[in-house]
Amino acid sequence: MQINAAGCHYRTLNQQIKDAVKRGEKSIELLNVNGQRYIGDGISGETKIIINGVPGNDLGAFMSGPTIIVNTFAQDGVANTMNDGKIVIKGHAGDVLGYGMRGGKLFVKGDVGYRVGIHMKEYEDKIPVIITGGRAGDFFGEYMAGGILILLNLNNEKPERAVGSYLATGMHGGVIYIRGDIDKYQLGEGVGIVELKEADNIVLNKLISEFCKDLNIDTKSVFNKPFKKLIPVSKRPYEKLYAY
Amino acid sequence: MLYRTPTYYEFKVERDDTRCIRCQVCVRQCSYSSTFYDAEEDRIFNIDANCVGCHRCDTFCPTDCITIRRVGENFKENANWNAWAIRNLNKQANTGGILLTGMGSDRPHRIYWDHIVVDASQVTNPSIDPLREPMELKTYLGKKPDSIEIENITGARGKGQGASDYKLKTKLAPQLELDIPIMFSAMSYGAINYNVCEALAMAAESMGIYYNTGEGGLHRNLYKYGKNTIVQVASGRFGVHLDYLGVSAGVEIKIGQGAKPGIGGHLPGEKVTEEVSKTRMIPEGSDALSPAPHHDIYSIEDLRQLIYALKEATNYEKPVSVKIAAVHNAAAIASGIVRAGADIVAIDGIRGSTGAAPLMIRDNVGIPAELALAQVDERLRQEGIRNWASVVIAGGIRNSADVVKAIALGADAVYIATPALIAIGCTVCQKCYLGKCAWGIATNDPYLARRQNPEIAAERLSNLLTAWSREIKEMLGGMGLNAIESLRGNRERLRGVGLTDRELKILGLKHAGEGM
């Protein structure tokens, strides 16, 4: 089914989406979306939502299951505290993506802003994944407690940095893979760079193939550069901070 | 080091050996390894350095042979460099660490409640006896409309004589309904154990009030108390998912806490046991870090975004509260919070309690709850938006008189935590952060947690609230009021004692001795 979002307040639009999800619609296409917030907020199930136009902040917040495809760009707060499901963005996206995300996948073809993937966490089989095709701003993976963050830095032939500073500051869980080089000074406190092992390559191959398939990218062009792996130095970064 | 590292201990455990029957109950009860039995000598000994002064052993000693004495007075008398200062400095010289503490500040901050007195009726406007006449403590928390519309449902021809002929046309915002204007403040599963969480939930249900999960998520076995549960969303977003939001009666965004304004929280890995890890949804044994700010909230506009993200996720069916620590600019911030769409603003003062906080921050950062409350209420009234949200005050409410004063100063309800913990055994030894609580409260050790029986603890909590509600009714009756609503924000019924003109101005009170 289609919903025309032109001139529609977010509350009305989101109610229509929720009603459709409740009715069991398998596919919902939104037309003329223009900055409406909270699309897909708190919905669950297996619906697929295709968004034409630019959705507003907090796209897919608290979402648990559905798939959202954004045909253009997205704004801030995508996948905020998301529990499960998948969001694919075919353009760039803004700041604070995947805050506190604990499951599901977020694929962004282009660049992402500041503080992306902060405080992601994992529990048993719930492992959140964010893959960024382009570059990322400062504080990428800050406070990271679990999950997988992948930064591909594709289509960046200029000698610009793939990622900003304070990378993974306060990281105490999870793993970050970055394609290409990073300078030591970009790393935040408590992060170490290690060599990839065979198990890492299996994970990368699987996730990147899915990413490339969803976003129509040649997989070979991704693997023409080696990856760096970032992990926390300690699961207990602040163990020695206090006097008891 | 050429000399022994100094560990100036705080307590000395004295035993009357002639009374001791070697039952070893003290050995089993002490969780701080301060007491041990020497079989060879058939004697019980103490390691005084380990004693935290929690009084678990002497409470349980059947022959009353133990006395816990504070030591430290034997340092040379000095108003600047007292035992407290010397011990802290040594602890830091030993470890290089930030001083940690638990519970609310023990420093002598001025307690304004003790400088406020309550009015009563004499001759004119007779007082009411709550034992004989109805007395209403019912409180609704949430946004109240600016005006209401009532429609005559009998139609155009209707006579519209009786109340049943009319219906409220205005759609009201969701409300929390409280039988008494008191709630249990946020205490997270992890900081306190499951048994204590369940006791709070059971007491909240039986007393018709709410308890608050804190930011530790909600154990699935406690979902059945959902209609008496406020769930918290804090910067770590631990255990926040659709089921958690869905079972709750209300959602609270935690921005700050009175005991540690401006800083985040660290639940140490030792406290993240299997069950805690399930609820917080993080691996066992890993630190649970709550960042100092919500990194998606840098402004009132951003706060509005999270408030509405939560309202969208809960279909606008639940009130959203925002809790802040009482700081200098609390009144302006509260105004912003209300304008951002919060249904409830909770303000936690400098004497507010905690499971773990840096000592310097707990004792020095923030302002007293009384002053913040008076200013927030005043500001919201001046701006004409007082009805847009309810105000809940926390941080240092010790008894029913404090509740009465808080409500007359402008609060809709109060949050209590320390009185609730004391009701179930806490002796305020301030060692919650060690996770070894001998009273079975601030610990997840199953051996210790078993010391709290949820049914018994819930009964004690209910008794406490029943006693307070009786006292509140007595005080209301004495003022000639028959509903708590008539006292709310009614500062004319309060007077200050021994306060400066400026303090009185901030509190909006007259001095005792000044008439109406």
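The values are calculated or read from the model by the stated rules, or taken from the named source; none is laboratory data. Every value quoted in this text rests on a predicted model; they were computed, and no experiment measured them. As a convention, Cβ positions derive from the backbone with ideal geometry for all residues, glycine included, and neighbour counts pool all protein chains shown. Calculation scope for accessible area: heavy atoms of the full protein, side chains included, ligands and nucleic acids excluded. Shrake-Rupley method; radii C 1.70, N 1.55, O 1.52, S 1.80 Å.
Per-structure values
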read-out: Antiparallel DSSP beta bridges within chain A, as percent of all bridges there, nearest 5; value: 20 percent
read-out: Cα shape, segment A:73-242, gyration tensor, a/c 1.5 rule; value: rounded
read-out: Among beta bridges that DSSP assigns inside the protein assembly as shown, antiparallel share in %, nearest 5; value: 30 percent
read-out: Links that overshoot a 21 Å alpha carbon limit, given the list A:22/A:213; A:86/A:213; B:260/B:323; A:18/A:213; B:227/B:436; A:184/A:228; value: A:22/A:213; A:18/A:213; B:227/B:436
read-out: Label-to-label distance, nm, for residues given as residue B:79 and residue B:511 (7 Å Cα→Cβ offset); value: 2.6 nm
read-out: DSSP beta bridge pairing in chain B, given as percent antiparallel to the nearest 5; value: 45 percent
read-out: Total charge dipole magnitude, chain B, about the Cα centre, Cβ charges on Lys, Arg, Asp, Glu only, Debye to nearest 20; value: 520 debye
read-out: Label point at residue A:156 placed 7 Å out along Cα→Cβ; residues across segment A:214-235 whose backbone nitrogen lies under 14 Å; value: A:225-228
read-out: Computed FRET value (nearest 0.05) for residue A:206 with residue B:224, which takes r as the C-beta separation and R₀ as 51 Å; value: 0.80
read-out: In order through segment B:347-360: 3J(HN,Hα) via Karplus (6.51 cos²θ - 1.76 cosθ + 1.60), integer Hz, x for Gly, Pro; value: 10, 10, x, 5, 8, x, 9, 7, x, 6, 7, x, 4, 5
read-out: Segment B:254-405: C-alpha gyration tensor shape, a/c 1.5 cut-off, then a/b vs b/c; value: oblate
read-out: Spin-label pair residue A:48/residue B:169, simplified geometry with 7 Å Cα→Cβ offset, distance in nm; value: 4.8 nm
read-out: For segment B:190-223 and segment B:304-328, distance of Cα centres in Å; value: 20 Å
read-out: Shielding score for A:62-71, defined as the mean number of other chain Cβ atoms within 10 Å; value: 2
read-out: Amide H contacts under 5 Å for residue B:98, placed H, 5+ residues apart; value: A:242, A:243
read-out: Cα long-axis angle, helix B:454-478 against chain B (0 to 90 degrees, to the nearest 10); value: 50 degrees
read-out: Cα long-axis angle, helix B:400-409 against chain B (0 to 90 degrees, to the nearest 10); value: 40 degrees
read-out: Helix B:300-313 vs. chain B, principal-axis angle (Cα, 0 to 90°, nearest 10); value: 80 degrees
read-out: Exposure of residue B:459 as accessible area (Å², to 10), given a probe of 1.4 Å and all protein chains; value: 120 Å²
read-out: Packing rank of A:13-25, A:46-58, A:72-84, where each peptide gets the mean count of other beta carbons within 10 Å, highest leading; value: A:72-84, A:46-58, A:13-25
read-out: Cα-based shape type of the protein assembly as shown, given that a ≥ b ≥ c are square roots of the gyration tensor eigenvalues and the cut on a/c is 1.5; value: oblate
read-out: Order by protection proxy (mean Cβ within 10 Å, highest first), peptides B:205-212, B:484-491; value: B:205-212, B:484-491
read-out: Averaged over B:286-293, number of beta-carbon atoms from partner chains that fall within 10 Å; value: 5
read-out: Distance in nm between pseudo-label sites at residue B:483 and residue A:9 (7 Å out along the Cβ direction from Cα); value: 3.1 nm
read-out: Dipole of chain B, positive end: most advanced residue of B:173, B:89, B:78 [Cβ charges, Cα centre]; value: B:173
read-out: Accessible area (Å², per residue) of segment B:58-142, counting only protein heavy atoms and a probe of 1.4 Å; value: 63 Å²
read-out: Amide hydrogen neighbours beyond the local backbone of residue A:49, cut-off 5 Å, H modeled; value: A:28, A:67, A:68, A:69
read-out: Total charge dipole magnitude, segment A:130-244, about the Cα centre, Cβ charges on Lys, Arg, Asp, Glu only, Debye to nearest 20; value: 140 debye
read-out: Relative contact order, percent, segment B:233-357 [alpha-carbon distance under 8 Å, six or more residues apart]; value: 33 percent
read-out: Modelled FRET efficiency - R0 30 Å, residue B:497 with residue B:428, Cβ distances, 0.05 increments; value: 0.70
read-out: Span from the segment B:459-503 Cα centroid across to the segment A:101-173 one, whole angstrom; value: 53 Å
read-out: Helical mean residue ellipticity (222 nm; -39500 (n - 2.57) per DSSP H run of 4+; nearest 500) of the protein assembly as shown; value: -7000 deg cm²/dmol
read-out: Mean separation of Cα contacts under 8 Å, 6 or more apart, over the residue count of segment A:73-242: relative contact order %; value: 16 percent
read-out: Neighbouring partner chain Cβ atoms per residue of A:143-154, average, 10 Å criterion; value: 2
read-out: Protection-proxy order for peptides B:399-405, A:93-99, B:117-123, A:176-182, each taking the mean of Cβ atoms within 10 Å per residue, highest first; value: A:93-99, B:399-405, A:176-182, B:117-123
read-out: Area of residue B:511 that stays accessible when all protein chains are in place (1.4 Å probe, Å², to 10); value: 60 Å²
read-out: Amide hydrogen neighbours beyond the local backbone of residue B:290, cut-off 5 Å, H modeled; value: B:265, B:266, B:267
read-out: Rel. contact order, % - alpha carbon contacts under 8 angstrom, at least six apart, segment B:98-220; value: 21 percent
read-out: Set of lysines with alpha-carbon distance to residue B:138 below 16 Å, sequence-local pairs under 8 removed; value: B:473
read-out: Sites residue A:185 and residue A:229, calculated FRET efficiency, Cβ-Cβ separation with R0 30 Å, nearest 0.05; value: 0.95
read-out: Cβ-placed point charges (K, R +1; D, E -1), dipole of the protein assembly as shown about Cα centre in debye, nearest 20; value: 740 debye
